[in-house]
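Working notes for the structure below.
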2 protein chains.
Amino acid sequence: MRFSVYIPENLERPAPVLYHLSGMLCSEQTFIQKSGFQRWAAHYGIIVVSPDVCPRVTLDVKNNEIEANGQSYYVNAVKKPWSRNFQMYSYVNEELPSIIQQNFNVDRDKQSIMGHSMGGHGALISALKNPGKFRSVSALAPVCNPSQSPDERLILKCYFGDDNKTMEKWDSTCLVADYKGPELNILIHQGYNDVYKDDLRLESFISACKKAGIAASINIEEGYDHGFYFISTFIDQHYHHHAKFLRES
Amino acid sequence: MRFSVYIPENLERPAPVLYHLSGMLCSEQTFIQKSGFQRWAAHYGIIVVSPDVCPRVTLDVKNNEIEANGQSYYVNAVKKPWSRNFQMYSYVNEELPSIIQQNFNVDRDKQSIMGHSMGGHGALISALKNPGKFRSVSALAPVCNPSQSPDERLILKCYFGDDNKTMEKWDSTCLVADYKGPELNILIHQGYNDVYKDDLRLESFISACKKAGIAASINIEEGYDHGFYFISTFIDQHYHHHAKFLRES
């Protein structure tokens, strides 16, 4: 597994760490090349870790499952042959932080998580399934309710089989209903002109948050779509958001 | 030929235009995806045009000339078969500005030019060969003296033959010696750790500027190399520079 790490200059003490999860078709290179986050990570003194989006194994699968390769949804697959390698949730929440803590000067009590699209989904489920682990969570155009989206289900079926109960355990909109724990400090942006908005199902997530009494700052931005121009435009707001919580003692 | 155009929102009158020339292996997409210039172009109200780096024709050439394809050095080639398509100097200085002026709301008296690496060379020769045409010129890690660099000559030979006299007509360090015209307003950044610095020959350009009494702001930046992280770090300074001259009436 590959990942990228950004370390601000002149760190004098263990620094907070922000995990960034990318979307489909990306790698550990994409966010560091296209988002312009470095200016803000440097400004706020935050170490930033961005893993590759999935295991790079080619599995011997039928045609209808080929699409699931090169993705991951940041879940732990249970169906063969995916279950062996596609354990990205455990990787992102356990193995990778452990590697980071052993090798970089991070403050393990100060971590946050964010992501884009499929990675926004990964960030949200990670925060929702681990109350208190992350000080804040943010997402750009996140997949919010994949168990109810026909397109997302095509992939999830590969990892889980056609099993609603399991899918719902990895679905932010479902998870938020049962969330118990400290404030999540959620920030979300989505482009009003996002061509994938029917798949993202942000409205379902908003409703579920309201019903559960979970606060979230959700911003729909006119004129923006799903891509990296959208990300690079709003990246500063996500760093301001995380810095606010990561820099508290 | 493809090119990208960035247009700031809410322009109320014809806007200044900044041409950006990219380096080898780039296209009209690279600068707009990786540099983060949009923030500054929006801030200063500058239209930004970034053409592809060369004609996308595949010529039937011998092995030793294959490398010249996918490049251009922003010159007008004289040797066959390059001379037919590889007229990038004329394209950048005449054809493209004419297309831009006919199709976008630009102020034709307010234009500047910048570039990276091979594109920095293109920007400098364009400014030096057209006194008064550009209000300012800037370059990140520009190729400054290709007629004296063995590696650069390998490519220039394809376009010109092994002819020093012609090469020198397309070489900033040679052109600066004879420059007569208004202030060029040159800004240059180069990484101290640029692996190509022996090919770039910035020192020769600095000497030639001093000898000719041409003012130039030249900045060598410790810890930076030749790539897009270097560009995205210093891009703001280049926009501040051009804005200063483009916004004067």
- Message: Using a 10 angstrom Cβ neighbour count of at most 10 plus a DSSP loop assignment to flag exposed GluC sites (Glu not before Pro), which longest range of chain B is free of such sites?
- Response: B:13-221
- Note on the structure: Listed with the fewest Cβ neighbours within 10 Å leading, B:ASP236, A:ASP198 appear as A:ASP198, B:ASP236
- Extend 7 Å from the Cα of B:ASP162 along its Cα-to-C-beta direction; within the stretch B:58-92, residues with backbone N under 16 Å of that point are B:64-65
- Query: What FRET efficiency do you get for B:LYS80 and B:MET1 if R0 is 25 Å and r is their Cβ-Cβ distance, rounded to the nearest 0.05?
  - Reply: 0.75
- Note on the structure: chain B: longest segment with zero exposed trypsin sites (Lys or Arg not before Pro), where exposed means DSSP loop plus at most 14 other C-beta atoms within 10 Å, is residues B:63-179
- Message: Can you tell me which of B:PRO150, B:PRO16, B:PRO51 moves the most in a GNM of chain B? Springs connect C-alpha atoms under 10 Å apart.
- Response: B:PRO150
- Message: Please rank B:HIS226, B:HIS43, fewest neighbouring Cβ atoms within 10 Å first, as an exposure proxy.
- Response: B:HIS43, B:HIS226
- Pick from A:GLN111, A:GLN237, A:GLN38: which is most flexible by mean-square fluctuation in a GNM of chain A where alpha carbon atoms under 10 Å apart are linked? A:GLN237
- Query: the protein assembly as shown: D in µm²/s via Stokes-Einstein (Kirkwood Rh, Cα pairs, 10 °C, 1.306 mPa s)?
  - Reply: 64
- Shape call, the stretch A:71-142: gyration tensor on alpha carbons, a/c limit 1.5: oblate
- Item | Candidates per chymotrypsin sites (Phe, Trp or Tyr not before Pro) in the stretch B:170-249, loop by DSSP, up to 14 other Cβ within 10 Å | B:TYR192
- Task: Would you tell me which residue of chain A has the beta carbon closest to the rotation axis bringing chain A onto chain B, and how many whole Å away it is?
- Result: A:GLY36, 2
- Task: Sort the stretch A:165-247 into rounded, prolate or oblate with this rule: let a ≥ b ≥ c be the square roots of the eigenvalues of the Cα gyration tensor; rounded if a/c is under 1.5, and if a/c is not under 1.5, prolate when a/b is larger than b/c, oblate otherwise.
- Result: oblate
- Of all DSSP beta bridges in the protein assembly as shown, what percent run antiparallel (nearest 5)? 20
- Grab the beta carbon distance between A:ILE99 and A:LEU154, set R0 = 22 Å, and tell me the FRET efficiency rounded to 0.05. 0.10
- Query: Other chains' Cβ within 10 Å of A:27-33 residues: what's the mean?
  - Reply: 1
- Message: Can you tell me how the stretch B:120-222 classifies by the Cα gyration tensor, rounded, prolate or oblate, using a/c under 1.5 as the rounded cut?
- Response: oblate
- Query: When the helix-only estimate is applied to chain B (DSSP H runs of n ≥ 4, each -39,500 (n - 2.57), divided by the residue count), what is the mean residue ellipticity at 222 nm, nearest 500 deg cm²/dmol?
  - Reply: -10000 deg cm²/dmol
- Note on the structure: Flagged as over-length at 31 Å C-alpha distance, from A:LYS34/B:LYS129; A:LYS157/A:LYS197; B:LYS80/B:LYS110; A:LYS34/B:LYS210; A:LYS62/B:LYS34, the pairs are A:LYS34/B:LYS129; B:LYS80/B:LYS110; A:LYS34/B:LYS210; A:LYS62/B:LYS34
- Query: Fewest to most neighbouring Cβ within 10 Å: what's the order for B:ILE218, A:ILE66, A:ILE113, B:ILE186?
  - Reply: A:ILE66, B:ILE218, B:ILE186, A:ILE113
- Query: Taking only the alpha carbons of chain B, what extent do you get along each of the three principal axes, in Å, biggest first?
  - Reply: 51, 37, 35
- Note on the structure: Rounded to the nearest Å, the spacing of the alpha-carbon centers of the stretch B:109-180 and the stretch B:40-69 is 15
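FYI, it's all coordinate maths here, none of it is from the lab. The structure presented is a predicted model; accordingly, all values stated were derived computationally and were not measured. Cβ: placed from backbone, ideal geometry, glycine included. Neighbour counts: every protein chain shown.
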